[in-house]
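Okay, structure first, notes after.
The values are calculated or read from the model by the stated rules, or taken from the named source; none is laboratory data. Nothing here was measured: the structure is a model prediction, and the numbers come from that model. Methodologically, a virtual Cβ is constructed for each residue, glycine included, from the backbone with ideal geometry; neighbour enumeration extends over all protein chains shown. Only protein heavy atoms, including side chains, enter the accessible area calculation; ligands, DNA and RNA are left aside. Shrake-Rupley method; radii C 1.70, N 1.55, O 1.52, S 1.80 Å.
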Amino acid sequence: MDSKKDAIRALAQEAALLPQEEMLEVGKRHQRLTIGIPKETSFQEKRVALVPEAVAMLTAHGHEVIVETNAGRDASFQDKDYSEAGAKIVYDTKEVFQSNIILKVAPPSLEEVKMMPGKQTLLSALQLTVQPVDSLKMLISKKITAIAWDYVRDETGIFPVVRSMGEIAGNTSVLIAAEHLSNVNQGQGLMFGGISGVRPTEVVILGAGTVGEFAARAAIGLGASVKLFDNSMYKLRRIQNDLGQRLWTSTIQPSVLEEALSKADVAIGALRAPFGRTPCVVTENMVSQMKYGSVIVDISIDQGGCFETSRVTNHDTPTFKEYGVVHYCVPNVASRVSRTASSALSNIFAPILVNVGSDGGWTSAIKRHPGLRDGVYLFNGSLVNEIIGEAFNLPYKRLDLLLAAL
């Protein structure tokens, strides 16, 4: 019996020494992408989806990038910067929209959708509240795969673009408040923050999300006294831990909020609603009791605002006064710092596009990456987002069933 085992072992050892057939790893099929970057036409949208450095990275991976002339001008990028990065500059808007992939910051207008031949991929913001149903129906009829970048998640489960723009809005809101407290904008002549022997600026922040967190960081860094309100105890605890210091926090109780606002020099609205309108937690009466010359920066204005006295303004005329209180209510704060915001967007979009090319196209990438799948609302012309379907009374399908059939 042992001799039989020894014979089998000897044969196995001999076989192991014989030349073996080479086994190569089966690689993913790389796909060359054609990416179109049109000039943004939405009101006061100054951002651009890709900066020249990102274009250089994509062209180095073998992809073609077509940029409409002056697409980056409002973000201080010239056509020359893009052409030197390897992009093709075109002067006809229609030519950009012939690309297989259309990459935009704002959703396309109906006129822009008309220029798309069909069976392409669109990556842009969704902005459901301003999305015209005619544009949506035309995207469906043209069998477009549409992805909302504001709903795409990263590997940690967060929304990277929303987070990034929130960081910008939070930091910028403090800088805006500082401008309007100073004499330069006919303010009270106060320096934001504090110095030895002088009372620090009193800041009230509504909302403990990303915007609120970064507004608090900036305000505390300048020496201000910060009071933070939110109805989520989890967010309040988290921001205490993230900031690494004790912070005055409270749930949104009207009497406590009213007292804090009456002493505040600055109030920043940073509340967000998952869907629909932001809750309006500051009444007109509360605003009327604020100090003369104090400043409100309502970052939540794109969802209706959390101050009853707020109304939408723009970058040309950003402020108005109610009860002697300066109100800054511009919806698109990130466009105020368009070069920084464009770089932040580009840092997110460029790796996504590189991965799509490496995965062999959008279908493979959507199957492979659950975070990217979360942003898909049209797949080959089929509506796959329940919220949009119910909002516009349109039939929708489940994306996982459509992918399983491929």
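Among residues other than Cys329 with Cβ under 11 Å from its Cβ, the summed charge is -2 (Lys and Arg +1, Asp and Glu -1). Solvent exposure of Asp400, expressed as accessible area, is near 70 Å², computed with a probe of 1.4 Å over the protein chains only.
Subtracting the Cα-Cα distance of Asn355 and Arg339 from their residue separation scaled by 0.36 nm leaves 3.3 nm. Rolling a 1.4 angstrom probe over the protein heavy atoms with all chains in place gives the chain an accessible area of 49 Å² per residue.
Here the gap between Arg32 and Lys88, fully extended at 0.36 nm per residue and compared with their Cα-Cα distance, gives a gain of 18.6 nm. Aspartates and glutamates within cross-link reach of Lys114: Cα-Cα under 13 Å, excluding same-chain residues under 8 positions apart? Straight-line reach from Lys114, under 13 Å: Glu95, Asp134. Compute the angle between helix 160-181 and the longest alpha-carbon principal axis of the chain, please, reported from 0 to 90 degrees and rounded to the nearest 10. So the inclination is approximately 20 degrees. I need to check one value: relative contact order of the chain, counting alpha carbon pairs closer than 8 Å and at least 6 residues apart, in percent. Relative contact order, the chain: 17 percent. Nonpolar atom fraction for the chain, defined as the carbon and sulfur part of the 1.4 Å probe accessible area, stands at 52 percent. For region 51-103, what does the alpha-carbon gyration tensor say about shape, rounded, prolate or oblate, given a ≥ b ≥ c as the root eigenvalues, a/c under 1.5 as rounded, and a/b over b/c as prolate? Verdict is oblate for region 51-103.
Angle of helix 338-359 to the longest C-alpha principal axis of the chain, folded into 0 to 90 degrees and rounded to 10: 20°. Using 1/(1 + (r/R0)^6) with R0 = 30 angstrom and r between the beta carbons of Glu155 and Thr59, what's the FRET efficiency to the nearest 0.05? Computed FRET efficiency for Glu155 and Thr59: 0.70. With the contact rule set at Cα under 8 Å and sequence spacing of 6 or more, what percent relative contact order holds for region 315-380? Dividing the mean separation by the residue count of region 315-380 yields 13 percent.
In the structure shown, the pairs Lys46/Lys321; Lys80/Lys142; Lys137/Lys367; Lys142/Lys397; Lys46/Lys88; Lys235/Lys291 are assessed against 23 Å; a Cα-Cα span above that value is assigned to Lys46/Lys321; Lys80/Lys142; Lys137/Lys367; Lys235/Lys291. Extension gain for the segment Val312 to Arg73, taken as residue separation times 0.36 nm less the Cα-Cα distance, is 83.5 nm to one decimal.
Distance between the modelled labels on Asp400 and Leu247, one decimal in nanometres: 3.6 nm (7 Å Cα→Cβ projection). In the chain, the DSSP beta bridges split such that about 20 percent are antiparallel, to the nearest 5. Short-range pairs are left out: with C-alpha atoms under 8 Å and at least six residues apart, the relative contact order of region 44-134 is 25 percent. Loop sites here are chymotrypsin sites (Phe, Trp or Tyr not before Pro) outside DSSP states H, G, I, E and B with no more than 12 other Cβ atoms within 10 Å. The longest part of the chain free of them is 92-274.
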